[in-house]
Amino acid sequence: MQAPVLVLNDSLTRESGTKVHHANIQASKAVADIIRTTLGPRSMLKMLLDATGGIVVTNDGNAILRELDIAHPAAKSMIELSRTQDEEVGDGTTSVIVLAGEMLHVAENFIEKKYHSTVICRAYNKALEDALAVLDKISMSIDVNNRSMMLGLVKSCIGTKFTSQFGDLIADLALDATTTVGVDLGQGVREVDIKKYIKVEKIPGGQLEDSKVLKGVMFNKDVVVPGKMKRKIINPRVILLDCPLEYKKGENQTNAELVREEDWAVLLKMEEEYIMNLCAQILKFKPDLVITEKGLSDLACHYLSKAGVSAIRRLRKTDNNRIAKACGAVIVNRPDELQESDVGTGAGLFEVKKIGDEFFAYIVDCQDPKACTVLLRGASKDLLNEVERNLQDAMSVARNILKHPKLVPGGGATELTVSATLKQNSSSIEGIEKWPYEAAAVAFEAIPRTLAQNCGVNHANGENAWTGIDGNTGVIADMKELKIWDAYNVKAQTFKTAIEAACMLLRIDDIVSGIKKRQAPGSTQPSKPTIEQEGDADTEQMIPE
């Protein structure tokens, strides 16, 4: 008998066939179980120690999974799911993983019965199409301007979060913020950019009830010369600059040889005149407030304060953009390009307040602000971080509704309806795909079931499209009356992501691990130490012993 042929290197491990399927399914179920308890209003919080030893206390599915360090490849791709979900629609991060885990779980039986995974995937995709069709059927449109309706919606989204005890408060904040920055692009399309134009300032201290949405922006800066410059200006004219108001220093070191002493005075005079001209160009427009992203020399400062102008320097670019959006100014790159139209007059009040031991500049009472700051106050840092995460979710939900004003019932009602419809459809499907299809139908029940488990009751039914579980009490109730809604595109995205991911993981039939970086032939020693030595060589130059 001939010797076995070794195709793979010794150091590689290879798993294939059903073994891999089972391993993947176990891994994804493990991930789903981690965050299963964070679904619904009666959810538990998770406390995580991150790499730096800080503590994160949260029940936002994405935040939890982000902190976990996971070795198994299949589990890693599960985590990607919740990331996608978070970036796409901002909510439903927990549901997507619970659902995907369940989809894989029901597929396990079929793999044991030697079904081919493509068959299962085909059935799942069919189920997905039908599920989206059901969603379309039971969704209802909503008037975006109907405040109480919108509040109910955002509230049911945050009801599952820790801040639900301040439900109205956070929902109000989120709605105010998103409706402020919403821009109509025409054709009924709303663009709401949360990342760019909504700044969340967390200031420890005070009560959560003190949180509010400013009709404008605030930032953590004081005026340059506190004694001289005004700290409160009503209806300020704002000029935003993106250039330094100081004498340009040479890029490389320039030497100037001066023969006569008078030349030195001339040099200084030139510098002074340069700055004077800069300031004169700015003062021509009679601003009350000059904000620059770069430096502001003492001299320029003197000229400005003499003219009674307040100045703020070294502002973050993102903050500057927000101010521009809020008061209608245009950020100017060179002072000589200033025009009257660049001056922002939309703000009602500029004021510097001291909160805690830091100064904050407010530009508020804007007429039609397209950017805003949400001011969060709270007892501790952990609390504030959690509130911020919840606010992020709430704002995403509000944004989704502004974009697609369609609702589906919450509380697991949607999933129950989808499940019931799919079960009925399954009888009309021919061939072998019928069983996985039916299993997918059952898998959708994972969400209402988890909801029920988290508040400690069990049951199932699916006659009425609006019947779901009241997550607080676990009683089956009518979601319309309880105002428990979900945004349509969150649900649709959840279903799509979950099923597509389940299919992807099912299609894997081989895992080869332990692949090393290619080494030059003949070099047998591991490549690790060489890297470190190079690194050490670098640091030695920087840190003199």
task: Tell me the trypsin sites (Lys or Arg not before Pro) within the range 91-163 that lie in a loop according to DSSP and have at most 15 other beta-carbon atoms within 10 Å.
output: Lys113, Lys114
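If the chain between Lys202 and Met140 were fully stretched, how many nm would it gain, using 0.36 nm times the residue separation less the Cα-Cα distance? Numbers along the way, then the final one.
Working: separation 62, 0.36 × 62 = 22.32 nm, distance 3.63 nm.
Using 0.36 nm per residue and subtracting the Cα-Cα distance, I get 18.7 nm.
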task: Quote to one decimal, in nm, the extra length available between Asp357 and Glu388 on full extension: 0.36 nm per residue of separation minus the C-alpha distance between them.
output: 9.0 nm
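Hey, with R₀ at 60 Å, roughly what FRET efficiency would Glu191 and Arg14 work out to, going by the Cβ-Cβ distance, to 0.05? Show your work: numbers first, answer last.
Working: r = 49 Å, r/R0 = 0.81.
Plugging the Cβ-Cβ distance into 1/(1 + (r/R0)^6) gives 0.80.
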message: Testing the spin-label approximation: label points 7 Å from Cα along Cα→Cβ at Leu45 and Asn235. State their distance in nm.
response: 4.8 nm
message: Tell me the relative contact order for the range 335-385 as a rounded percent, counting alpha carbon contacts under 8 Å between residues six or more apart.
response: 26 percent
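Could you tell me what a quarter of the Cα convex hull surface of the range 67-124 works out to, in nm² with one decimal place? Could you put the intermediate results ahead of the total?
Numbers: hull surface 19.6 nm².
Orientation-averaged projected area of the Cα hull: 4.9 nm².
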query: Along the charge dipole of the range 245-284, which of Gln253, Met276, Trp264 sits closest to the positive end, that is, farthest toward it, with unit charges on the beta carbon of Lys, Arg, Asp and Glu (+1, +1, -1, -1)?
result: Met276
message: Let's test the formula: R0 of 56 Å, r as the Cβ-Cβ distance of Ile55 and Glu340. What FRET efficiency results, to the nearest 0.05?
response: 0.60
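Read-outs: derived from the displayed coordinates by stated rules, not from any lab. Here the structure is a predicted model, which means the values were calculated and not measured. Quick reminder, even Gly has a Cβ in these numbers, built from the backbone with ideal geometry, and neighbours come from all protein chains shown.
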